[in-house]
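The values are calculated or read from the model by the stated rules, or taken from the named source; none is laboratory data. Just so you know, these numbers come straight off a predicted model, no measurement behind them. Counting neighbours? That spans all protein chains shown, and the Cβs are built from the backbone with ideal geometry, glycine included. Heads up: the accessible areas ignore ligands, DNA and RNA and are worked out on the full protein's heavy atoms, side chains in. Shrake-Rupley method; radii C 1.70, N 1.55, O 1.52, S 1.80 Å.
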Amino acid sequence: MVERPERRVLTGADLKAFSKALANPVRRDILSYLGEHGEANSTSVAKALGESTGTTSYHLRKLADLELIAEIEERSTGRERWWTSLMKDIYTPPGLELTPDEREAALKLGALKMSHDLGLVTRAYAGYDSSAGWNQIYRSGLHLTKDQVASFVEEYQNLVWKYVTEPGKHPAGSRAMAVRLVVVPEAESTED
């Protein structure tokens, strides 16, 4: 288990930067690679992703600018720079005041995430019977107050962090698992 890091709250400007940066599939692949392997240099990332070292070096620096990864200075020598994933609890609070272009960036980032998630759900259902128990699908409906929703989400997040491991230090026999929680009213409401 990893100690839960301090929550990083994304502002509107952050959302614009994240949306632009993560729209690039190479950057998303780099984040996945570092999340799995913990540490890497541009050569090992390039080899794994089938990209040039120049391309991966560029994208690694851009991800570092967003503080999603960091250089491991004690391992870096000369032109060979080593990088590690920064474990973050990234959050955008509801009700954040956003400019129209920041709101558009937030929607693009959300759509990018949900597109990926839809692919995961489709794959989970398609392989449900043959997954040997790895694919778990559970849906439910509840009647909750706004305070109960906040409590439920907090408890869920604490449960997830109970099982988080450091990049590159995953338990033997473990697999990278996609776990998602979406809590949304079943229908639009005029009530607060």
What residue, among those in the stretch 1-15 that are more than 9 Å from Ala105 (Cα to Cα) and open to solvent by less than 60 Å² (accessible area, probe 1.4 Å), is modelled with the lowest pLDDT?
-> Val2
So how many residues does the stretch 147-157 have that are within 20 Å of the chain's Cα centre (by Cα) and open to solvent by less than 70 Å² (accessible area, probe 1.4 Å)?
-> 3
The stretch 66-77 - residue that is free of Cβ contacts under 8 Å to residues at least 12 places away in the same chain and of a type outside the set (S, T, N, Q) and, of those, most open to solvent (accessible area, probe 1.4 Å) | Glu74
Given the conditions (1) outside any loop (DSSP other than H, G, I, E, B); (2) over 25 Å from Ile30 (Cβ atoms), which single one is not true for Ser140?
-> (1)
Residue in the stretch 32-61 that is surrounded by the most Cβ atoms within 10 Å (Cβ to Cβ), counting only those that are among the charged types (D, E, K, R) and under 26 Å from Met177 (Cα atoms) = Glu51
Kindly indicate whether any position in the stretch 16-27 is farther than 30 Å from Pro94 by Cα, more than 15 Å from the chain's Cα centre (by Cα) and either touching a residue at least 60 places away in the same chain (Cβ under 8 Å) or surrounded by 15 or more Cβ atoms within 10 Å (Cβ to Cβ) (or both).
-> no
Any pair with Cβ under 8 angstrom, 6 or more apart, that starts in the stretch 88-117 at a residue that is among the hydroxyl-bearing types (Ser, Thr, Tyr) and ends at one that is open to solvent by less than 70 Å² (accessible area, probe 1.4 Å) | Tyr91/Arg8; Tyr91/Leu10; Thr92/Leu10; Thr92/Leu15; Thr92/Ala106; Thr99/Gly12
Among what's in the stretch 86-119 and is over 18 Å from the mean Cα position of the chain (by Cα) and of a type in the set (A, V, I, L, M), pick the residue that is surrounded by the most Cβ atoms within 10 Å (Cβ to Cβ).
-> Leu98
Of the residues that make up the stretch 138-146, is at least one open to solvent by less than 70 Å² (accessible area, probe 1.4 Å), out of contact with any His (no Cβ under 7 Å at 6 or more places or on another chain) and among the β-branched types (Val, Ile, Thr)?
-> no
State whether one or more residues within the stretch 158-176 are open to solvent by 60 Å² or more (accessible area, probe 1.4 Å), more than 28 Å from Gly38 (Cα to Cα) and within 22 Å of the chain's Cα centre (by Cα).
-> no
Is at least one residue of the stretch 78-85 on the phi > 0 side of the Ramachandran plot, loosely packed, with under 13 Cβ neighbours inside 10 Å and modelled with pLDDT under 95?
-> yes
